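Colleague: Starting off with a structure, shown below.
Each reported figure results from applying straightforward, stated rules to the coordinates on display, with no laboratory input. Treat the numbers as computed from the prediction; the structure is a model and nothing was measured. No Cβ is skipped: glycine too gets one built from the backbone with ideal geometry, and neighbour counts run over all protein chains shown.
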Amino acid sequence: MTNQQANGAIINGTLVLQDRLLPDATVVWRDGVICDVGTDIAIPSEISPEDAAGKFVSPGFIDLHVHGGAGADFMDGTPERVTQACRAHLRHGTTTLFPTTTTGSAELLLQMLAATKTVSRDIEQGHAEGPTIPGIHLYGPYFADGKQGCHDRAGCRAPAAEEYQKYLESGFVRIATCAAELPGAVEFCRVFSESGCLVTCGHSNASWTEMQRVFDVGMRHVDHFWCAMSSVPAMRQRFGAPMQGSMAEFVLLQREMSTEVIADGCHLASELLEFAWRMKGPERLCLVTDCNRALDQPPGEYMFGHEDHGTRFHSDGKVGWASPESLASSVRGMDWMVRTMFESTTAELPQVIRMATTTPAERAGISDRTGSLASGLRADLLILDSNLEVDTVFARGQRFESGAD
């Protein structure tokens, strides 16, 4: 991958805006910030424009939920491994991501926090290549027993203030997840909501009532819809009759709630992808990768989480498997998720791209910086061909060759 100066322009592109496609259009940026978008725009003489030749020009993708790639997991906890995973996702069009924790020990989580914070600073200062890292997604370890999925069950625990305050004090947690039924979940959600985080519920067997309690203190999002999530039959097992509402019903009925789907073609069938986007709409549905270290790696055995303290899974080259019956996150980049969502649903391209760009930016509170093709925002841009394959990546106005498979 190579980069160039942060001044530039793209001409003759079909811009993917939030509500429409704009053909024969131009984007201009200076010092890594978009300054002009539209048609019939003059290009400053000192800028040599990139000719998109009619290809799609999209905002760079934003991933709220991602664990690793290219053989590295963010929980490995070193700047080298964090950079390795970040570069892989940049090749697949992700220009902003939130490295996501697993159910490791407090020590491992603090190491991961420190490493990602270092790499974030290095990228911002131009000392390293990669997507912008606004902060981490504190995902594990506050999962319900039996809903841990491929995460290490021994690492699941209820939130304790003496532990999570250390993560909060880093100033680098932007998304925070907790199973709503755990002891201390209400206080956890209140504290992280008041700190400005997107507060989410995930890996949970919560009831409607338990969801309402954390909603009342700021929870507004749930992780990977239908995956490691409670259902009405599960509520019958927990509470008996009458049957109670679960996380799924709560999310679908509450207009303010958002959620996400893993559109890799393996986690959810096309009818569930269609259902999710029709029910929540592109303003409340995000595409995420939930990707592990097997991205761009051959099929084989890998570790989910820390390379020495995680759990084993098998990648068949299409998806990860914790066992022959249980999935273990995805092995695909965001470009794959976009293509699958477009091919598998009736959503139009601007709507699909919104789910991978503007909507996650809004949910994470960074839409004033990135996520759309608009003046004043960071020049995070993609050129996509007619098959929605990534042709060229611009991150902070710097040009990178995608190199994606």
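Colleague: Could you tell me which of rounded, prolate or oblate describes the stretch 332-405, using a ≥ b ≥ c as the square roots of the eigenvalues of the alpha-carbon gyration tensor, with rounded for a/c under 1.5 and, failing that, prolate when a/b is larger than b/c and oblate otherwise?
Modeller: Oblate, because a/c is 1.5 or more while a/b does not exceed b/c.
Colleague: Using only helices, what value at 222 nm comes out for the chain when you add -39,500 (n - 2.57) per DSSP H run of length 4 or more and divide by the total residues, to the nearest 500 deg cm²/dmol?
Modeller: -8000 deg cm²/dmol
Colleague: Can you tally the net charge around residue 346? Count Lys and Arg as +1, Asp and Glu as -1, for every other residue whose Cβ sits under 12 Å from the Cβ of residue 346.
Modeller: After counting each charged neighbour, the total is -3.
Colleague: As a quick test, which of the pairs 55/117; 280/318; 55/280 have an alpha carbon distance above 32 angstrom in this structure?
Modeller: Beyond 32 Å: 55/117.
Colleague: Also: Could you list the GluC sites (Glu not before Pro) in the stretch 196-278 that lie in coil according to DSSP, counting only those with at most 13 other Cβ atoms within 10 Å of their Cβ?
Modeller: Hits after loop and neighbour filter: 256.
Colleague: Quickly rank 362-374, 280-292 as a protection proxy: mean count of other C-beta atoms within 10 Å, highest first.
Modeller: 280-292, 362-374
Colleague: While we're here: Under a Cβ-only charge scheme (Lys and Arg +1, Asp and Glu -1), can you give me the dipole magnitude of the stretch 278-405 about the Cα centre, in debye to the nearest 20?
Modeller: The dipole of the stretch 278-405 has a size of about 500 debye.
Colleague: Using label points projected 7 Å from each Cα along Cα→Cβ, tell me how many nm separate residue 35 and residue 110, to one decimal.
Modeller: Label at residue 35, label at residue 110, 4.6 nm between them.
Colleague: Hey, another quick one. Going by how many other Cβ atoms sit within 10 Å of their own, how do 201, 150, 156 line up, fewest first?
Modeller: Fewest-to-most ranking of 201, 150, 156: 156, 150, 201.
Colleague: Using only the Cα atoms of the stretch 64-370, build the gyration tensor, take square roots of its eigenvalues as a ≥ b ≥ c, and label the shape rounded, prolate or oblate: rounded if a/c is under 1.5, else prolate if a/b is larger than b/c, else oblate.
Modeller: Rounded.
Colleague: Return the loop-located trypsin sites (Lys or Arg not before Pro) in the stretch 2-98 (DSSP other than H, G, I, E, B) with at most 16 other Cβ atoms within 10 Å of their own Cβ; answer none if there are none.
Modeller: Answer in residue order: 20.
Colleague: May I pose another question? Label points 7 Å out from Cα along the Cβ direction at residue 160 and residue 254: separation in nm?
Modeller: Each label point lies 7 Å from its Cα, and together they span 2.8 nm.
Colleague: Could you give the C-alpha radius of gyration of the stretch 285-362 expressed as a fraction of 2.2 N^0.38 Å, taking N as the number of residues it contains?
Modeller: Compactness ratio reported: 1.25.
Colleague: Let me know the shape class of the stretch 180-264, please: from the alpha-carbon gyration tensor, a ≥ b ≥ c as square roots of the eigenvalues, rounded when a/c is under 1.5, otherwise prolate if a/b is greater than b/c, or oblate.
Modeller: oblate
Colleague: Can I ask one more? For the stretch 253-405, with the dipole built from +1 on Lys and Arg beta-carbon atoms and -1 on Asp and Glu ones, taken about the Cα centre, which of 375, 337, 265 lies farthest toward the positive end?
Modeller: After comparing all options, I get 375.
Colleague: Net charge near residue 384, counting Lys/Arg +1 and Asp/Glu -1 over other residues with Cβ under 9 Å of its Cβ?
Modeller: -3
Colleague: Need the C-alpha centroid separation for the stretch 270-298 versus the stretch 324-372, integer Å.
Modeller: Spelled out, the Cα-based centre of one part sits 6 Å from the other.
Colleague: Sticking with this one: For residue 170 and residue 48, compute 0.36 nm times the residue count separating them, minus their Cα-Cα distance, and round to one decimal in nm.
Modeller: Result for the pair: 39.8 nm of gain on full extension.
Colleague: For the chain, give the magnitude of the charge dipole about the Cα centre (Cβ charges: +1 Lys/Arg, -1 Asp/Glu; no others), in debye to the nearest 20.
Modeller: I would put it at about 760 debye.
Colleague: Please report the antiparallel percentage of the DSSP beta bridges confined to the stretch 64-370, to the nearest 5.
Modeller: Antiparallel bridges make up about 45 percent of those DSSP assigns within the stretch 64-370.
Colleague: If each residue of separation counts as 0.36 nm, what is the full-extension length gain between residue 124 and residue 348 once their alpha-carbon separation is subtracted?
Modeller: Value of the extension gain: 77.3 nm.
Colleague: Projected onto the charge dipole of the stretch 64-370 (+1 at Lys/Arg Cβ, -1 at Asp/Glu Cβ, origin at the Cα centre), which of 287, 323, 86 gives the Cα projection farthest towards the positive end?
Modeller: Of the candidates, 287 comes out farthest on the positive side.
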